[in-house]
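**Student:** One structure follows; several queries about it will come next.
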Amino acid sequence: MSNELGTEVDRFIAAALSPEEQLPAELNKWQIDTYRSAEWAIATADCALAEIAKIDEALEEAISRFRRGAEKAKAQHLATIEFMYHALEPWVRKELDGKRRSMIVAGKRVGFRKLPDSLEIVDEDAAKAWAKEHLPEAVQVVTTEKLLKAPLKEVLTKQGIVPDGVRLNQGEERFYKEDAV
């Protein structure tokens with residue numbers, strides 16, 4: 001199954017590297033010097049972004065299919081395990097005949113053990129109300145702190161106060177491209 005995924009991913013990568021989308025051979029000497037070459041550069045970048053999106057989408061679909069297949073295979077194996085253990089339990093109980101807690105079968109220890117008692121809260125509100133009245137140490141108040149950046153930035157930019165542990169990074173100028181429509 002994992003071989004299918006690898007083959008599929010390889011096919012998508014090969015398709016993405018098609019010759020018509022390769023960059024100029026002498027990239028270090030090539031430059032944009034006309035409006036037409038600028039349009040071509042943007043269109044080429046857009047095509048590359050579209051191909052990346054296609055590859056990501058196909059990869060996610062392939063991974064999803066692979067996961068579904070793996071989950072189905074695991075479910076079948078888990079059903080086999082459950083069936084076998086269910087079939088073994090009465091036989092082991094009979095063989096142990098109340099005299100022992102476990103035995104060795106096929107190099108594996110099988111048997112029965114008492115699990116520790118556990119507490120299940122079935123009505124949180126009722127249990128909490130009872131505990132507040134009769135056992136207050138069983139009720140714990142939990143609070144969390146979260147540092148908000150907006151007020152810190154405001155005090156820094158409007159009042160010039162630099163709070164301890166804070167630094168204002170100046171926004172840098174970055175090239176961007178977006179649809180003009």
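The values are calculated or read from the model by the stated rules, or taken from the named source; none is laboratory data. In this text, all values refer to a predicted model and were calculated from it rather than measured experimentally. Because the Cβ atoms are built from the backbone with ideal geometry, glycine has one as well, and the counts that use them run over all protein chains shown.
**Student:** Select from region 65-118 the residues that are more than 30 Å from T7 (Cβ to Cβ) and of a type in the set (S, T, N, Q) and write down the one among them that is modelled with the lowest pLDDT. Quick ask: steps written out before the conclusion?
**Tutor:** Taking region 65-118 and keeping what is more than 30 Å from T7 (Cβ to Cβ), we get 81-118.
Retained after the next criterion (residues that are of a type in the set (S, T, N, Q)): 102, 118.
Values: S102: 92, S118: 85.
That would be S118.
**Student:** Can you tell me which of L49, L27 is modelled with pLDDT under 90 and of a type in the set (A, V, I, L, M)?
**Tutor:** Working: L49 fails: modelled with pLDDT under 90.
Going through L49, L27 in turn, just one is modelled with pLDDT under 90 and of a type in the set (A, V, I, L, M): L27.
**Student:** Contact list please: Cβ distance under 9 Å, first residue in region 160-179 and surrounded by 10 or more Cβ atoms within 10 Å (Cβ to Cβ) and modelled with pLDDT of 80 or more, second residue assigned to a loop (DSSP other than H, G, I, E, B) and not β-branched (V, I, T), pairs at least six apart or on different chains.
**Tutor:** V162/L168
**Student:** Which members of region 122-161 meet the condition of being of a type in the set (G, A, S) and not in a helix (DSSP H, G or I)?
**Tutor:** Hit for region 122-161 is G160, nothing else.
**Student:** Given the residues R93, R113, which is the only one that is farther than 30 Å from N169 by Cα and in contact with a Phe, Trp or Tyr (Cβ under 9 Å, 6 or more places away or on another chain)? Before the answer, list the steps.
**Tutor:** Working: R113 fails: in contact with a Phe, Trp or Tyr (Cβ under 9 Å, 6 or more places away or on another chain).
Only one candidate passes the filter, namely R93.
**Student:** Would you tally the residues in region 106-121 being within 30 Å of P90 (Cα to Cα) and part of a loop (DSSP other than H, G, I, E, B)? Steps first, answer last, please.
**Tutor:** So the first thing to find is which residues in region 106-121 are within 30 Å of P90 (Cα to Cα), and the list is 106-120.
Still in the list and also part of a loop (DSSP other than H, G, I, E, B): 106-107, 112-120.
Residues in region 106-121 being within 30 Å of P90 (Cα to Cα) and part of a loop (DSSP other than H, G, I, E, B): 11 in total.
**Student:** Give all pairs with beta carbons closer than 7 Å in which a residue from region 103-127 that is more than 30 Å from Y85 (Cα to Cα) meets a residue that is in a loop (DSSP other than H, G, I, E, B); count only pairs at least 6 apart in sequence or on separate chains.
**Tutor:** A127/I121
**Student:** Sticking with this structure for a sec: Restricting to region 101-140, and then to whatever is surrounded by 11 or more Cβ atoms within 10 Å (Cβ to Cβ) and basic (K, R), can you tell me which residue is nearest to the chain's Cα centre (by Cα)?
**Tutor:** Applying the first criterion (surrounded by 11 or more Cβ atoms within 10 Å (Cβ to Cβ)) to region 101-140 yields 101-103, 105, 110-112, 127-132, 138-139.
Right, trim to basic (K, R) and you get 101, 128, 132.
Numbers: R101: 42, K128: 34, K132: 39 Å.
Within region 101-140, the match that is nearest to the chain's Cα centre (by Cα) is K128.
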